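Undergrad: Sharing a structure with you now.
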Amino acid sequence: MIDRHKIALAIAAHPDDIEFNMAGTLLQLKQRGWAIHYCNLSTGNCGSMEMTAARTRIVRRREAQAAAKTLGARWHAPLCDDLEILYTVPLLRRVAAVIRAARPSIVLTHAPLDYMEDHMNTCRLAVTAAFTHGMPNFKTLPARAPYAHDVTVYHAMPHGLRDGLRRPVVAGSFVNTAPVHATKLAALACHKSQQGWLDASQGMNSYLQTMEDMSRRVGGISKRFALAEGWHRHLFLGFSTSEMDPLADALGKDHLVNTAFVAPPLNLH
């Protein structure tokens, strides 16, 4: 039986975003007995140069389901289409319902500053939805009961390791993904429809190699891990009763805090 506190949920914008930036961390948690959940807010319907939007929705849904199965994660259905991830109350209620259904103590999502609005709006929705996890007066769609245990939100690295104004972003902590890299790569490979799209739209003639290069680059910055994912931990106020870092607690030697980003404890007294 899964410990009710050992549940992690990744909320990303598009099919394949989790595999690029978050899947290694999910897999490391899974190896330590955590239940993991997988949610892309968008259907990915605009992600093709050859297929219609309707066909692309179907194909990318199947690919995402296959990727979640490869990771051993519970898949949650998308809630809207590409470029329609907007910070609205109706969509917020639906994202909050996903969080209450999963009841995670760790939420992984995008960086607040990234190269595109879908990523940043997903981040905002995930943060606010996590904030409402224990609020009975905030109604979700469909209706889901709130839950009381602490939640910690972590932000992944932006694509290209820079924000939208080209400024470098350095991780506040690193997770060693080398031991689970093969499975992370296999999950990303499930998104076969993305080879042509990413080549045409972003110059990634091998999206698998792009992910590996990014993992190696973040690992090099850590100066400890060969391959890594980077994270920034959201401020705990309103999410948990005290300062906590469940990724560090769960992953031990496979987690490294970037000491350049260590803030002093928050004293509210």
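Undergrad: For the subset of segment 145-160 comprising residues that are closer than 28 Å to Val257 by Cα and free of Cβ contacts under 8 Å to residues at least 60 places away in the same chain, which member is surrounded by the fewest Cβ atoms within 10 Å (Cβ to Cβ)?
TA: Going through the qualifying residues, I end up with Ala148.
Undergrad: Residues of segment 213-244 being on the phi > 0 side of the Ramachandran plot and in contact (Cβ under 8 Å) with a residue 40 or more places away in the chain, which ones? Before the answer, list the steps.
TA: First, the residues of segment 213-244 that are on the phi > 0 side of the Ramachandran plot: 223, 238.
If the condition is that a residue be on the phi > 0 side of the Ramachandran plot and in contact (Cβ under 8 Å) with a residue 40 or more places away in the chain, then Gly238 is the only one that fits.
Undergrad: State yes or no: is Asp163 farther than 19 Å from Leu9 by Cα and either in contact with a strand residue (DSSP E or B) (Cβ under 6 Å, 6 or more places away or on another chain) or at pLDDT 95 or above (or both)?
TA: The answer is yes for Asp163.
Undergrad: If you don't mind, there's one more thing I want to ask. Kindly indicate the residue of segment 100-148 that is charged (D, E, K, R) and touching a His at 6+ places or on another chain (Cβ under 8 Å) and also nearest to Leu29 (Cα to Cα) among those meeting that condition.
TA: Arg103
Undergrad: To continue, here is another question. Out of segment 182-209, which residues are farther than 16 Å from Pro15 by Cα and either among the hydroxyl-bearing types (Ser, Thr, Tyr) or at pLDDT 90 or above (or both)?
TA: Listed by number, the residues that qualify are Ala182, Thr183, Ser206.
Undergrad: Name the one entry in His14, His76 that is touching a Cys at 6+ places or on another chain (Cβ under 6 Å) and in contact (Cβ under 8 Å) with a residue 12 or more places away in the chain.
TA: His76
Undergrad: Okay, moving on. Kindly evaluate Phe174 against the criterion of being assigned to a loop (DSSP other than H, G, I, E, B), surrounded by 16 or more Cβ atoms within 10 Å (Cβ to Cβ) and of a type in the set (Phe, Trp, Tyr).
TA: Against the criterion (assigned to a loop (DSSP other than H, G, I, E, B), surrounded by 16 or more Cβ atoms within 10 Å (Cβ to Cβ) and of a type in the set (Phe, Trp, Tyr)), Phe174 does not qualify.
Undergrad: Among residues belonging to segment 51-104 that are among the hydroxyl-bearing types (Ser, Thr, Tyr) and in contact with a helix residue (DSSP H, G or I) (Cβ under 6 Å, 6 or more places away or on another chain), point out the one that is surrounded by the most Cβ atoms within 10 Å (Cβ to Cβ).
TA: In this case the residue turns out to be Thr70.
Undergrad: Can I ask one more? Would segment 30-38 turn up any residue that is assigned to a loop (DSSP other than H, G, I, E, B) and crowded, with 17+ Cβ neighbours inside 10 Å? First the steps, then the outcome.
TA: Step one: list which residues in segment 30-38 are assigned to a loop (DSSP other than H, G, I, E, B), which gives 32-34.
Next, from what is left, pick out any that are crowded, with 17+ Cβ neighbours inside 10 Å: 34.
Yes, some residue in segment 30-38 is assigned to a loop (DSSP other than H, G, I, E, B) and crowded, with 17+ Cβ neighbours inside 10 Å.
Undergrad: Going through segment 220-269 one residue at a time, which ones are surrounded by fewer than 12 Cβ atoms within 10 Å (Cβ to Cβ), part of a helix (DSSP H, G or I) and of a type in the set (D, E, K, R)?
TA: Asp249, Lys253
Undergrad: Inspect all residues belonging to segment 126-134 and state whether any of them is in contact with a Ser or Thr (Cβ under 8 Å, 6 or more places away or on another chain), among the hydrophobic types (A, V, I, L, M, F, W, C) and at negative phi.
TA: For segment 126-134, residues in contact with a Ser or Thr (Cβ under 8 Å, 6 or more places away or on another chain), among the hydrophobic types (A, V, I, L, M, F, W, C) and at negative phi: present.
Undergrad: Looking at segment 85-99, can you tell me whether even one residue there is at pLDDT 95 or above, within 22 Å of Lys6 (Cα to Cα) and of a type in the set (D, E, K, R)?
TA: no
Undergrad: While we're here: If you take the residues in segment 105-124 that are closer than 20 Å to Ser240 by Cβ and touching a strand residue (DSSP E or B) at 6+ places or on another chain (Cβ under 8 Å), which one is surrounded by the fewest Cβ atoms within 10 Å (Cβ to Cβ)?
TA: Checking each candidate, the answer is Pro112.
Undergrad: Can I ask one more? Name the pairs whose Cβ atoms lie under 6 Å apart, with the first residue in segment 101-119 and farther than 24 Å from Arg144 by Cβ, the second among the charged types (D, E, K, R) and in a loop (DSSP other than H, G, I, E, B), and 6 or more positions between them or separate chains?
TA: Going by the 6 Å Cβ cut-off, the qualifying pairs are Leu113/Asp163.
Undergrad: May I pose another question? Residue by residue through segment 125-144, note down the ones that are surrounded by 20 or more Cβ atoms within 10 Å (Cβ to Cβ), closer than 12 Å to Phe239 by Cα and of a type in the set (S, T, N, Q).
TA: Thr132
The values are calculated or read from the model by the stated rules, or taken from the named source; none is laboratory data. Please read these numbers as outputs of a predicted model, since none were measured by experiment. Every residue, glycine as well, gets a Cβ built from its backbone with ideal geometry; the counts of neighbours run over all protein chains shown.
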